[in-house]
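Chemist: Sharing a structure here in structure tokens format.
The values are calculated or read from the model by the stated rules, or taken from the named source; none is laboratory data. Bear in mind that the values here come from a model prediction, so they are computed numbers and not experimental data. Using ideal geometry, Cβ is built from the backbone for each residue, glycine included, and neighbour counts are taken over all protein chains shown. Remember, those area values only see protein heavy atoms, side chains included, never the ligands or the DNA or RNA. Shrake-Rupley method; radii C 1.70, N 1.55, O 1.52, S 1.80 Å.
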Amino acid sequence: MKLATLKDGSRDGQLVVVSRDLASAHYATGIASRLQQVLDDWGFMSPQLEDLYGMLNAGRARHAFPFDPAQCMAPLPRAYQWADGSAYLNHVELVRRARNAEVPQSFYTDPLMYQGGSDDFIGPCDPVVVASEAFGIDFEAEIAVVTGDVRMGATPAQALDGIRLVMLVNDVSLRNLIPAELAKGFGFFQSKPATAFSPVAVTTDELGEAWQEGRVHLSLASTWNGRKVGLCDAGEEMSFHFGELIAHIAKTRNVRAGSIVGSGTVSNKGVEKDGRMEWPRGYSCIAEKRCIETIQDGQPATEFMRYGDTIRIEMKGADGQSVFGAIDQEVVAPAALR
């Protein structure tokens, strides 16, 4: 099934069930008003939502209405936990190679992960508000899962059973703030502002054969200022699957229902062509493009985002239809919202 949260003036919005083709929706009133309620009592509430989903797709839901992604909050507008990994090691390798640094061997056996802010997510069509262009504004196209309860010490296979929903992410990064923060030894903080998520979150069965062993085997498209810059395969080169990422968190603590776990920037390896490395699938963040330029030409040429820039992130299924709806955002200054 597909679930979304519509804006209603409250912090947590109103839960709706969305049709498979993303054309219509129906309030989940009478079952649950918020997604966190469903995650807390998944076994009881999800079958009821599945029934409503079936009626909606069959055209038998009495109070269906047109679905508008612009009215969506993040599917889970605020969460108990947002932990983002770096599961595509090609991304790490590019960054390290661009500055002539080796990738530590531990990166290949132990996932990288940081704890992001989870109190103020933004909707898929909400603007990305940044105080200064000088911060180095970047998008990051990713995939995330929402969990139920996963006990401490869970194996990766057990952790996979705790996945409830899948969605897309724009993990906005302020690149020029990152070096000083990392130099302090405590990780990202100000350099990671509010994160945006796709209009809908979907259960894994909606992905069909594309969901295999904790990976989504579909292409993730990134379109910057109307130009498609990335069409990266999200499946084959994901070094750590979502079960492994969740198990990494659960090594020392319980993971509770309503936790969101991100994949990190979806990234694919380059290929050699006429003695030169090329990246035919493009990129899912500008920082990676700049690394590619440094490797190819000795220095980066692509600038980070400016006010007025737009970013669209979307994934289509084998039938060519959008699975999650699109993240479609514009970068703006705080003054633009006054």
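Chemist: I need the full set of residues from the stretch 56-68 which are touching a residue at least 24 places away in the same chain (Cβ under 8 Å) and open to solvent by 30 Å² or more (accessible area, probe 1.4 Å), in order please.
Modeler: Asn57, His63, Ala64, Phe65, Pro66, listed by residue number.
Chemist: Follow-up question, since we're still on this one. Which condition from (1) in contact (Cβ under 8 Å) with a residue 40 or more places away in the chain; (2) open to solvent by 40 Å² or more (accessible area, probe 1.4 Å); (3) closer than 18 Å to Ser86 by Cβ is the one that Cys232 breaks?
Modeler: It fails just one condition, (2).
Chemist: Okay, next question. List, please: which pairs have Cβ atoms under 8 Å, are six or more places apart or on different chains, and start with a residue in the stretch 21-45 that is over 15 Å from Gly258 (Cα atoms) and end with one that is modelled with pLDDT under 95 and open to solvent by less than 60 Å² (accessible area, probe 1.4 Å)?
Modeler: So the pair list comes out as Ser24/Ala61; His26/Ala61.
Chemist: Moving to a separate point now. Just to be sure, is Trp279 of a type in the set (Phe, Trp, Tyr) and out of contact with any Gly (no Cβ under 9 Å at 6 or more places or on another chain)?
Modeler: So Trp279 does not fit the description; no.
Chemist: So Gly308 fits all but one of (1) loosely packed, with under 15 Cβ neighbours inside 10 Å; (2) closer than 22 Å to Glu93 by Cα; what number is the exception?
Modeler: So the condition that Gly308 fails would be (2).
Chemist: Turning to a different aspect of this structure: Starting from residues that are within 13 Å of Thr294 (Cα to Cα) and among the charged types (D, E, K, R), keep the ones in the stretch 95-105 and report whichever is least open to solvent (accessible area, probe 1.4 Å).
Modeler: Taking the candidates together, the pick is Arg96.
Chemist: Return the pairs, sorted by first residue and then second, in which the second residue is small (Gly, Ala, Ser), the first residue lies in the stretch 72-91 and is assigned to a helix (DSSP H, G or I), the beta carbons are less than 7 Å apart, and the residues are 6+ apart or on different chains.
Modeler: Pairs that qualify, where the first residue is assigned to a helix (DSSP H, G or I) and the partner is small (Gly, Ala, Ser), are Leu89/Ser239; Asn90/Ser267; His91/Gly264; His91/Ser267.
Chemist: Same structure, new question: Just checking, which of Ala70, Ala74, Ala101 is of a type in the set (A, V, I, L, M) and over 21 Å from the mean Cα position of the chain (by Cα)?
Modeler: Being of a type in the set (A, V, I, L, M) and over 21 Å from the mean Cα position of the chain (by Cα) holds for just one of Ala70, Ala74, Ala101, which is Ala101.
Chemist: Could you please find all residues in the stretch 5-55 being in a strand (DSSP E or B) and either hydroxyl-bearing (Ser, Thr, Tyr) or open to solvent by 10 Å² or more (accessible area, probe 1.4 Å) (or both)?
Modeler: Thr5, Leu6, Gln14, Ser24, His26, Tyr27
Chemist: Continuing with this model, one more query. Looking at this structure, is Ala335 open to solvent by less than 80 Å² (accessible area, probe 1.4 Å) and assigned to a loop (DSSP other than H, G, I, E, B)?
Modeler: No, not satisfied.
Chemist: Could you check, for the stretch 140-158, whether at least one of its residues is closer than 30 Å to Ala335 by Cβ and aliphatic (A, V, I, L, M)?
Modeler: Yes, because at least one residue in the stretch 140-158 is closer than 30 Å to Ala335 by Cβ and aliphatic (A, V, I, L, M).
Chemist: Tally up the residues in the stretch 142-167 that are out of contact with any Phe, Trp or Tyr (no Cβ under 9 Å at 6 or more places or on another chain) and either among the small types (Gly, Ala, Ser) or farther than 20 Å from His248 by Cβ (or both), please.
Modeler: 4
Chemist: Output the residue which, of all residues in the stretch 288-311 that are at pLDDT 95 or above and hydrophobic (A, V, I, L, M, F, W, C), is nearest to Ile327 (Cα to Cα).
Modeler: Top of the filtered list is Ile311.
Chemist: So the check is Cβ under 6 Å with 6+ separation or different chains; which pairs have a first residue in the stretch 304-317 that's within 14 Å of Asp138 (Cβ to Cβ) and in contact (Cβ under 8 Å) with a residue 40 or more places away in the chain and a second one that's of a type in the set (Asp, Glu) and crowded, with 18+ Cβ neighbours inside 10 Å?
Modeler: Final answer for the pair search is Phe304/Asp138.
Chemist: Identify, from the list Tyr108, Tyr88, the residue that is of a type in the set (Ser, Thr, Tyr) and open to solvent by 50 Å² or more (accessible area, probe 1.4 Å).
Modeler: Every option except Tyr108 fails the conditions.
So that you can scan it fast, the table gives a plain yes or no per residue for (1) in contact with a helix residue (DSSP H, G or I) (Cβ under 6 Å, 6 or more places away or on another chain); (2) open to solvent by less than 10 Å² (accessible area, probe 1.4 Å); (3) part of a helix (DSSP H, G or I):
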residue	(1), (2), (3)
Ala141	no, yes, no
Val146	no, yes, no
Met152	no, no, no
Gln158	no, no, yes
Leu165	no, yes, no
Leu168	no, yes, no
Leu177	yes, no, yes
Glu181	no, no, yes
Gly185	no, no, no
